[in-house]
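Take a look at the structure set out below.
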Amino acid sequence: MSNKEVKAALKSARDAIRNKDYKEALKHCKAVLKQDKNNYNAWVFIGLAAAELEQPDQAKGAYKKAVELEPNQLLAWQGLANLYEKSSQTDVKGDLADVYQKLLQLYESGDKQKWCDVCNKLVELYHQEKKYLEVAETWRKLIQMKQEEGAEKAELHQLWKKMIHLLKDTTQSQDNKTEQLLLTAFEHAVNSADTVPGEDHQNLYKDFIQCLSKFPHETTRLEKACNDMMALYPTMTYPLEVLCLHFVQSGTLSEEALQCFSRLLEMDASSGPGIIGFGIKCLQEKKYKEAVKSLTEGLQKTSQCPAAWHYLAEAQMKIHKHRDAVLSCNQALEALGTPEGHSLHWKNLSLQLKAEALIKIADADAAEEAIKALEQIVDASSDPVVLAIRGQAYLNKGLMDQASKISQELLLSHPDLAESHALEGFIHYSQKNYEQAERSFLSAIQRKAETAEYHQYLGLTYWFMSDETKKDKGKALTQFLKAAKLDSYLGSVFCYLGNYYRDIAGDKSRARGCYKKAFELDRTDEESGTAAVDLSMELGDMDTALSILNEVTEKASTGTAKWAWLHRGLYYLRTGQPSQAVADLQAALRADPKDSNCWESLGEAYLSRGSYSTALKSFRKASELNPELVYSIYRAAAVEQILGKYENAIATYQQILKETEDYVPALKGLGECYLMLARSALDNYLDRK
């Protein structure tokens, strides 16, 4: 076949393809290849015809052969691109990307429009495959090409926005290079907008700031973007809120941060981040109750801020709301999710604080939970303070050997650490080794004199060590006073001060003040509440006693605050208000239905009210619960006597006198019953028989 014949055959093949006679085209091409097996056009035509005849493998082979022969010719690459685009097989996408890359090279110096079309297709393909770095780099090349061609600012603005759209939903899974390209796109987009200030530009800036806030290491860029947006939109709170949350999350509260919080609250007094910032400022200034109030309010509006939950837990710990602190730490950990980098720091802090709060709750279940929390802290074994907390958790759980082992290790490895000596002190104190406990707590105080708990436990050590140390003003009292001065929210120390003034100093007025303070700090402290009420009554200050009782009973749910209901019921009984006494004593019994003394008092209230049958039932219930209660048995007999059931009353009185011969009220009652029976016999003329 001559060159002329080859050309004629190729022309016939082209005409056949044009007429959609693909089999004819294949015949002509094969004839050409017999003569010239490296004929580029013949292989391209075979690829085209085979593709149309739905023979993709043959088409692919033909195009690849053509590409090998002439790698810089367009036709075969275009054919391959068309073939792969129509293919439903997922494994060809990688090959298609390579083909597009080659087409970009071939079009680069020629047809710019086609270069842009292929570039768009390649970006779409990478986006489907979630290859975001390749998306970013390819789109960046497209923008560069447009810039070199002198594209209008508006067109470039739209291209930067498209790049943001392609990348912005992937902030969680990006590598650093993709992230930088996305942020660059945002910067170009906000700087190339036409209408500034304007709604679109404003929304774009918000997206930019939101994106920056997801990258903890981009703090400088975030601060600049927020400040730039505030300059453009001075009435918008959004950039200021983001900046405030950034400062909260960073954990460093500079003067700039405090100014931010103040400025935000001036603009919007109900702003969550602003209120959180104010709460943290209160925490710094040791205004713990205000801190708890503000942080709680702020977190109701902006709940996804782990650092703020941690600060709230910190403030709650300062006022000894330990169960609340545990819940706040749980919220912080939930908001953190699976943390890394700076977030990991917050996770460790929250877990440690949670463990400390659980240890203060001081029961075995809480101790178990504390140990679990400590196990989740990264590098916990290298932190001696965390080890000391673990030792306390073991102690609370009753695992003395493990606690002692940690204590000994800490004293050897960290002899200058206050927590090492304090843990040893807690162990000795729990074993009633008061002299050793004294030495340990003194050593802890020597290293950390500002810790109220150490002074409190040294005071307790002196309190239980001996009568001499209990009464010695320089011992227990001094330590309790120091603890109270260092921590004015430590309710338990005020309770012990109350014990000292009541039992040792005999100063009822001062003791009452201490108990009242202890109860105000901890409404669950029944011992202090009861003592404050009893002393108020002894001092004749019924108003104070009643105000405490009223406050507790008003807030009490059914089945709680027995001590307050009982005290108020007895007060009403003493002051001749039996109906109120009945109501309160019934409430006390709902909290503890097996309290025989309470049943006895309820019987008295019913009796005072004239409800004899219910009084009788109450006295009988009291004596059932506690057969030693002679008074209840006697009162039951007395009620039966009132009801005219003399035989029953006589039997009960005789039962009492069997046990206690000289129980005068029973003797008197028995005599009266016999007398009443005799009188009844006379009234019925039985003496005449």
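Summarise the accessible area of region 352-440 (1.4 Å probe, protein heavy atoms) by the percent that is carbon and sulfur.
The nonpolar share, carbon plus sulfur, comes to 46 percent.
Each residue of region 289-303 in order: what ³J(HN,Hα) in whole Hz does its phi give by Karplus 6.51 cos²θ - 1.76 cosθ + 1.60, θ = phi - 60°, with x for Gly and Pro?
5, 5, 4, 4, 4, 5, 5, 4, 5, x, 6, 5, 9, 10, 7
Let me know the Rg and Dmax you get for region 442-586 when you use only its Cα atoms, in Å.
In order Rg, Dmax, the Cα atoms of region 442-586 give 17.4, 59 Å.
What are the lysines whose alpha-carbon lies under 19 Å from the alpha-carbon of Lys555, with same-chain residues fewer than 8 places away excluded?
In chain and number order, the partners are Lys321, Lys516, Lys517.
So with the 1.4 Å probe, I'd like the accessible area per residue for region 428-544, rounded to whole Å².
Per-residue accessible area for region 428-544 comes out at 49 Å².
Cα to Cα, under 20 Å, and not fewer than 8 places away if on the same chain: which aspartates and glutamates meet these conditions relative to Lys64?
Cross-link targets: Asp36, Glu52, Glu54, Glu85, Asp91, Asp95, Asp98.
Give the whole-number value, in cubic angstrom per residue, of the convex hull volume spanned by the C-alpha atoms of region 166-247.
Taking the convex hull of the Cα positions in region 166-247, it is 89 Å³ per residue.
Just to confirm, what accessible area per residue do you get for region 174-295 at 1.4 Å probe, in whole Å²?
46 Å²
Rounded to the nearest 0.05, what FRET efficiency do Thr478 and Leu232 have when you use their Cβ-Cβ distance and R0 = 60 Å?
0.45
Sort out for me the Cα centre separation of region 244-268 from region 402-434, rounded to whole Å.
Cα centroid to Cα centroid, the span is 41 Å.
Assuming a viscosity of 1.306 mPa s and a temperature of 10 °C, what translational diffusion coefficient in µm² per second does Stokes-Einstein assign to region 182-313, Rh being the Kirkwood radius over Cα pairs?
105 µm²/s
Per residue of region 215-222, what does 6.51 cos²θ - 1.76 cosθ + 1.60 with θ = phi - 60° give for ³J(HN,Hα)? Whole Hz please, x for Gly and Pro, Karplus curve as stated.
10, x, 7, 9, 5, 5, 5, 5
Beyond 20 Å, what share of the Cα-Cα pairs of region 579-645 remains, rounded to the nearest whole percent?
Here the long-distance tail beyond 20 Å is 20 percent of all Cα pairs in region 579-645.
Can you give the charge dipole size of region 203-309 about its Cα centre, rounded to the nearest 20 debye, using +1 on the beta carbon of Lys and Arg and -1 on the beta carbon of Asp and Glu?
The dipole of region 203-309 has a size of about 280 debye.
Using unit Cβ charges (K, R positive; D, E negative) and no other charged atoms, how large, in debye to the nearest 20, is the dipole of region 86-182 about its Cα centre?
My answer is approximately 180 debye.
Quick one: work out Rg over Rh on the C-alpha atoms of region 89-139, Rh as Kirkwood radius.
My calculation of the ratio gives 0.98.
Please work out the C-alpha center-to-center distance from region 528-570 to region 622-642 and express it in whole Å.
Comparing the Cα centres of region 528-570 and region 622-642, I get a distance of 27 Å.
Do the alpha carbons of any pairs in Lys318/Lys448; Lys27/Lys60; Lys287/Lys562; Lys470/Lys508 sit beyond 24 Å of each other, and which pairs?
Too far apart for the 24 Å limit: Lys287/Lys562.
So what's the convex hull volume per residue for the Cα atoms of region 437-482, in Å³?
Residue-normalised Cα hull volume stands at 54 Å³.
Please turn the phi angles of region 666-678 into ³J(HN,Hα) values with the Karplus equation 6.51 cos²θ - 1.76 cosθ + 1.60 (θ = phi - 60°), one per residue in order, whole Hz, x for glycine and proline.
6, 4, 4, x, 4, x, 4, 5, 4, 4, 5, 5, 5
If you bin the C-alpha pair distances of region 1-65 every 5 Å from 0, what whole percents do you get?
Taking all Cα pairs of region 1-65, the binned fractions are 4, 23, 32, 24, 13, 3, 0 percent.
Given the alpha-carbon gyration tensor of region 282-383, what are the semi-axes of its equivalent ellipsoid in whole angstrom, ordered largest first, with each equal to the square root of 5 times an eigenvalue?
Semi-axes, largest first: 21, 17, 11 Å.
May I ask for log10 I(q)/I(0) of region 1-154 at q = 0.15, 0.16, 0.17 Å⁻¹, from a Debye sum over the Cα atoms as equal point scatterers with solvent left out?
One equal scatterer on each Cα of region 1-154 leads to -0.82, -0.90, -0.96.
Past the 49 angstrom mark, what percentage of all C-alpha to C-alpha distances in the chain do you count?
Taking all Cα-Cα pairs of the chain, the fraction more than 49 Å apart is 50 percent.
Which is farthest toward the positive dipole end of region 483-563 among Val493, Leu521, Thr560, measuring Cα position about the Cα centre, with Cβ charges +1 (Lys, Arg) and -1 (Asp, Glu)?
Val493
What are the equivalent ellipsoid semi-axes of region 203-258, built from the alpha-carbon gyration tensor (square roots of five times its eigenvalues), in whole angstrom, biggest first?
Whole-Å semi-axes of the equivalent ellipsoid: 17, 14, 9.
Please give every one of the lysines within straight-line cross-link reach of Lys34, meaning a C-alpha to C-alpha distance under 18 Å, and leave out same-chain neighbours fewer than 8 residues apart.
Correct list for Lys34: Lys4, Lys7, Lys11, Lys23, Lys65.
With only Lys, Arg, Asp and Glu charged, each at its Cβ (+1 for the first two, -1 for the last two), find how big the charge dipole of region 271-417 is about the Cα centre; round to the nearest 20 debye.
Once rounded to the nearest 20, the dipole reads 580 debye.
If I model a spin label at Asn176 and Ala269 as a point 7 Å from the Cα along the Cα→Cβ vector, what separation in nanometres do I get?
4.7 nm
Using only the Cα atoms of region 393-517, each taken as one equal point scatterer with no solvent, compute I(q) by the Debye sum, divide by I(0), and report log10 of the ratio at q = 0.11, 0.13 Å⁻¹.
Each listed q maps to, in turn, -0.39, -0.53.
Between His414 and Thr219, how high is the FRET efficiency from 1/(1 + (r/R0)^6) when r is the Cβ-Cβ distance and R₀ = 41 Å? Nearest 0.05.
Taking R0 as 41 Å, the efficiency between His414 and Thr219 is 0.75.
The values are calculated or read from the model by the stated rules, or taken from the named source; none is laboratory data. The structure presented is a predicted model; accordingly, all values stated were derived computationally and were not measured. Here the Cβ is made from the backbone with ideal geometry for all residues, glycine too, and neighbour counts use every protein chain on show. When the accessible area is computed, the model is the full protein with side chains, heavy atoms only, and any ligands, DNA or RNA have been set aside. Shrake-Rupley method; radii C 1.70, N 1.55, O 1.52, S 1.80 Å.
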